[in-house]
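The values are calculated or read from the model by the stated rules, or taken from the named source; none is laboratory data. Nothing here was measured: the structure is a model prediction, and the numbers come from that model. No Cβ is skipped: glycine too gets one built from the backbone with ideal geometry, and neighbour counts run over all protein chains shown.
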Amino acid sequence: MRYEIRVDGQMSDTLTAAFPELDCFVATRQTVLYGDVTDEAHLYGLLARFLSLGLHVVEMRQLPQ
Amino acid sequence: MGPTSHSGEGGRTDPTVGALTPTGDPVLAARFSVPVVPQTFVHRPRLAERLDAGVQGPLTMVAGPAGAGKTLLVADWVTTGGLPGPAAWLTVEPEDSGPGVFWTYVLQAFRHHGIALPDHVGSPARPGRVDHSLLTRLAAWLDGREVPVILVLDDFDGASGSAEVADELQFVLRHAGDGLRLVIVCRAEPLLPLHRYRAAGELVDIRSADLAFRSEETADLADRHGLPLSAEVARVLTERMGGWAAGLRLCALAAERADDPEGFLKDFEAGQSTLADFLLAEVLRAHPPETQDLLLRTSIVEETHPDLANALTGRNDAEPILAELQRANAFVEPIGHSWYRLHPLFAEILRAHLRVRHPGLEPELHRTAAKWLSGAGLLSEALPHAADAGDWDLAAAEFIDDLAIGRMLTGLDAERLDGLFAPMTPEASGPATDLVRAARELTRHDVDRGVAYLRDAEEKLPDDPREAAAAQLSCAVLRVLAARVAGSADMAETAAETAAEAARALPADRLEQRPELTVLMLTDLGSAQLWAGRFDAARATLSAAVQAAEGPSTAFPRHEALSRLALIDYVRGWPGHAESHARAAISEAEHSGLPASVRTGVAQLVLAAVAIDRNDLVAARDHLDQGAASSAASRDPIVAVELALLRSRMQLAKGDPQGALQYLDAISQKPLASAAPSPWVNDRIAMARAAVRLAEDDPQSAVKVFEDEPPHTPEGLVAEARAHLADGAGEQALGILDELSDDPGRGPAVAAWALLARAQAVDALGDTAAAESLVLRALTVSRPHQLRRPFLEAGAWLGRLLSRRPALAQGHDWLVAAPEGRSLAPRTSQGSVLPSPEPLSERERDVLERVALLMSTEEIAADLHLSANTVKTHLKSIYRKLAVSRRGEAARRARELGLL
């Protein structure tokens with residue numbers, strides 16, 4: 001499963017380093033992280049990581065293969 | 001109760017005087033203490049009112065993202081008083097998702113906050129599922145309270161992944177009536193059926209939008225930081241932060257250090273960065289490099305102590321720095337006993353910074369933390385860091401050195417510790433590492449691999465058991481366990497001797513702190529001895545195990561030892577002792593919330609066996625089903641065999657020999673797990689086979705069973721004698737019975753079978769008087785235990801004998817008053833085998849009436865104008881007719897028969 005996750009604000013390199021399994025680019029007032037998500041457990045783990053770093057997830061969608 | 005009750009500042013809990021847990025662990029104690037609210041905290045009456053309203057009903061939920069100010073809101077509300085009852089606080093951690101661990105901490109939180117739980121509620125002894133009986137007792141106790149208990153579960157997300165914890169919480173909440181008010185603080189909604197509570201108007205939820213600061217609250221916060229704000233600046237700032245408490249707090253901290261604080265706040269613009277990270281970087285920058293370094297390095301531990309922080313920084317300035325950070329209300333909060341906790345959100349971000357700024361430093365820091373924590377006696381806290389450092393030899397060495405190996409085998413920590421060592425890499429090769437690997441294999445019942453690791457460990461350990469005593473003791477305890485599974489009492493006894501020698505080289509108080517180590521070893525040793533048929537040794541060993549201190553770590557081995565004591569009693573023919581040991585074993589399990597699946601099942605099987613002997617088949621079926629619910633049924637050979645034997649006995653008692661045989665065939669098709677055979681277990685299987693043959697009226701096959709499998713035990717020999725008797729070989733039977741030794745350890749149940757077999761033999765030889773006297777003795781030994789089975793299965797001769805001499809069965813109406821109303825000797829067609837007694841003469845009746853009035857022989861003689869000797873003669877005649885031997889029995893019997 002490939003996912004794209006949009007986070008409010010521009011994440012610093014330090015913070016994006018906390019998601020080494022995802023690639024990212026910075027858009028206007030948003031950071032877009034994308035990459036392969038192994039399974040549901042990984043997905044929820046990612047969400048928990050965003051939550052614990054005080055990041056605000058504004059959008060999340062599965063990408064077509 | 002209104003908001004005014006919360007406006008004061010008094011009544012705060014001072015964590016530095018908070019009680020420690022029974023183990024004296026300050027980090028653990030911190031989980032039960034209400035966090036301290038900083039001076040800068042903004043009291044918000046609108047939210048306190050919502051909480052007040054919430055605890056009028058069963059459930060309140062405070063849900064919001066990290067840094068929304070949830071914990072402090074509830075902490076402030078709890079400490080300012082005015083609650084409808086006492087409050088207990090628990091900060092849930094991820095390892096609490098095991099229900100057993102979760103409920104242990106809940107009960108501990110109650111006690112920590114002075115809410116006296118009655119002992120009968122018990123305490124879980126396993127990390128996994130908790131038996132509902134424990135939760136029922138807890139709920140019933142809560143329901144019976146006059147004032148409710150308020151339970152605050154902070155950081156509930158730690159357990160939110162567990163549907164079981166949620167179900168159980170829901171169960172207790174539903175059944176606690178008005179006795180429990182739950183306040184859940186979480187980031188993500190818990191798995192409770194919130195919609196149902198909401199629909200019933202029983203839920204108050206305070207969510208992100210409610211938690212968000214309003215402009216006037218922002219102004220208040222800034223004011224508390226010494227930064228007066230105009231309404232306009234407060235509004236702009238609130239809007240920009242989305243009312244996010246952590247953001248506002250960081251802003252205020254950053255502004256405090258700015259030249260023009262108001263200007264800073266007014267023009268503050270995080271740009272396009274994410275808020276927390278940006279703000280934290282801002283705030284960090286304002287601190288000296290030493291402080292920044294300390295914060296980064298201590299971010300790897302949940303809680304820190306000045307000495308631990310010094311170890312991590314390699315400096316010795318932690319104490320003033322932590323005090324300054326606390327004074328500035330930045331990042332750290334005191335949790336008592338000189339310990340501090342970093343705000344979890346900031347810690348998380350700091351860890352991200354640490355990884356970027358000092359790549360590769362993290363494992364080193366974890367190793368340092370592990371060493372310091374272990375040195376401070378905080379093994380539970382040290383192990384995860386040793387694991388995070390990937391230093392498995394260190395983790396295992398600390399673990400073994402702490403004599404903690406037993407905790408991996410039993411108790412609340414077992415699963416956590418097993419999981420902790422699961423990622424262990426093959427490079428780790430110290431003896432301690434091998435021991436940990438052996439323990440993990442043995443808990444999975446893989447004896448071969450377990451023993452291989454034990455051998456590796458032994459090669460690395462010194463030959464003298466007194467050197468490296470902790471590792472030697474751990475190794476020996478595991479050896480005993482392996483020997484038990486292999487069914488070798490010799491190996492178990494040898495290993496137990498090594499264990500004792502190693503234990504002598506250790507300080508007594510260290511062993512006392514690890515009661516599970518001794519009780520596990522004794523239970524395993526006793527089980528191996530039992531398997532080998534060394535009943536007296538097994539009984540002594542298991543009795544010693546039962547003497548161990550009660551507690552979660554010893555609950556399971558105690559339960560197992562009691563169950564096996566019950567089995568020994570049963571096999572040796574003592575149904576009364578067996579029953580009381582079995583009941584004690586079950587009560588131990590219930591008290592510890594052990595679900596039926598993890599109990600040994602042996603206690604229930606013993607109760608079933610006793611019930612079958614009493615011909616109470618309804619109770620027997622019930623006990624059998626409960627025994628079969630144990631997961632031990634699939635791997636403990638004793639449970640597996642007994643279960644099949646008892647099912648076979650049940651079928652036989654119901655008159656279905658074919659069904660009985662099927663269960664027995666199933667045993668022989670599935671070879672026992674143990675390497676060494678057990679003589680008495682084989683005897684019991686042979687006895688059951690022979691019983692089926694006898695029921696099928698095929699005594700020759702019954703005799704053949706014992707020819708193939710010569711019995712070793714008294715009960716086996718008796719069964720062999722009965723087979724010969726049925727086959728018409730009375731002399732041979734008597735020969736076997738004569739060989740039975742006069743073992744004082746043999747109880748009434750074995751004696752009853754033996755007496756009846758002998759009676760049958762002499763009856764067949766025509767010695768009726770001797771047969772009658774033997775039957776009478778069999779009746780006498782069986783009566784206190786109501787053992788009906790030996791008489792029911794004795795055969796037709798007994799019915800004939802009793803109908804010839806009905807007085808024999810006088811006083812034994814228990815025999816026919818079977819629980820299911822079955823009458824004795826169903827094979828006889830002569831109606832009741834206990835006909836009405838020989839009628840009493842008028843004089844005898846007069847004497848009996850006075851006996852019932854408790855008159856002495858002399859008094860009766862005087863009253864009836866008879867000589868004392870005449871009265872005695874009448875008494876003897878009464879005794880004979882009523883088939884009793886004492887005055888009290890005579891009176892009771894006469895009343896039962898309606899003679900008085």
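Descriptive notes on the structure:
- Filtered residue count, region B:111-121, keeping only those that are assigned to a helix (DSSP H, G or I) and more than 24 Å from B:Pro557 (Cα to Cα): 2
- Failed condition for B:Pro359, given (1) within 14 Å of chain A (Cβ to nearest Cβ); (2) assigned to a helix (DSSP H, G or I); (3) not basic (Lys, Arg): (2)
- Residue list for region B:196-233, restricted to those being free of Cβ contacts under 8 Å to residues at least 40 places away in the same chain, hydroxyl-bearing (Ser, Thr, Tyr) and closer than 19 Å to B:Leu73 by Cβ: B:Ser215, B:Thr218
- Checked against the criteria, B:Asp401 does not count as without any contact (Cβ under 8 Å) to a residue 60 or more places away in the chain and surrounded by fewer than 20 Cβ atoms within 10 Å (Cβ to Cβ).
- Wholly within region B:557-659, helices (runs of 4 or more DSSP H) carrying at least 1 residues that are surrounded by fewer than 24 Cβ atoms within 10 Å (Cβ to Cβ) and modelled with pLDDT under 90: B:575-591, B:617-628, B:637-653
- Being within 26 Å of B:Ser33 (Cα to Cα) and not polar (S, T, N, Q) is a description that does not apply to B:Ala286.
- Restricting B:Ile349, B:Ile335, B:Ile300 to those that are in a loop (DSSP other than H, G, I, E, B), within 30 Å of B:Gly64 (Cβ to Cβ) and not small (Gly, Ala, Ser) reduces the list to B:Ile300.
- Out of B:Asp490, B:Asp509, sole residue that is surrounded by fewer than 24 Cβ atoms within 10 Å (Cβ to Cβ), at pLDDT below 90 and over 25 Å from B:Leu740 (Cα atoms): B:Asp509
- Failed item, numbered, when B:Ala328 is tested on (1) closer than 30 Å to B:Ser123 by Cβ; (2) assigned by TED's automatic domain parsing to the domain that holds B:Ala276: (1)
- For region A:1-50, a residue qualifies if it is closer than 24 Å to B:Phe278 by Cα, more than 10 Å from every other protein chain (Cβ to nearest Cβ) and of a type in the set (Phe, Trp, Tyr), and the qualifying residues are A:Phe25, A:Tyr34.
- Per-region count, region B:860-900, residues in contact (Cβ under 8 Å) with a residue 60 or more places away in the chain and surrounded by 16 or more Cβ atoms within 10 Å (Cβ to Cβ): 5
- B:Leu83 being out of contact with any strand residue (DSSP E or B) (no Cβ under 8 Å at 6 or more places or on another chain), within 28 Å of B:Leu135 (Cβ to Cβ) and either modelled with pLDDT of 85 or more or not assigned by TED's automatic domain parsing to the domain that holds B:Ser160 (or both): no
- Qualifying residue in region B:318-337 (condition: at pLDDT below 90, under 19 Å from A:Leu15 (Cβ atoms) and buried (at least 18 other Cβ atoms within 10 Å of the Cβ)): yes
- Residue match in region B:68-84 (condition: closer than 23 Å to B:Leu194 by Cβ, aromatic (Phe, Trp, Tyr) and under 35 Å from the mean Cα position of the chain (by Cα)): no
- When the helices (runs of 4 or more DSSP H) confined to region B:122-217 are screened for residues that are crowded, with 18+ Cβ neighbours inside 10 Å and within 14 Å of chain A (Cβ to nearest Cβ), those reaching at least 2 such residues are found at B:157-160.
- Within the set B:Glu302, B:Glu319, the sole residue that is in contact (Cβ under 8 Å) with a residue 12 or more places away in the chain, within 14 Å of another protein chain (Cβ to nearest Cβ) and not hydrophobic (A, V, I, L, M, F, W, C) turns out to be B:Glu302.
- Check on B:Val101, closer than 17 Å to B:Leu173 by Cα and crowded, with 18+ Cβ neighbours inside 10 Å: no
- Residue within region B:470-488 that is in the same structural domain as B:Arg440 (by TED's automatic domain parsing), of a type in the set (A, V, I, L, M) and without any contact (Cβ under 8 Å) to a residue 24 or more places away in the chain present: no
- Spans of helices (runs of 4 or more DSSP H) in region B:710-804 with at least 2 residues surrounded by 19 or more Cβ atoms within 10 Å (Cβ to Cβ) and on the phi > 0 side of the Ramachandran plot: none
- Cβ-Cβ under 6 Å pairs, at least 6 apart or on other chains, region B:780-800 side within 10 Å of B:Ala752 (Cα to Cα), far side outside any loop (DSSP other than H, G, I, E, B) and of a type in the set (Gly, Ala, Ser): B:Val781/B:Ala751; B:Val781/B:Ala752; B:Ser782/B:Ala752; B:Leu787/B:Ala749; B:Leu787/B:Ala752; B:Pro790/B:Ala752
- Residue match in region B:243-265 (condition: part of a helix (DSSP H, G or I), among the aromatic types (Phe, Trp, Tyr) and within 30 Å of B:Gly158 (Cβ to Cβ)): no
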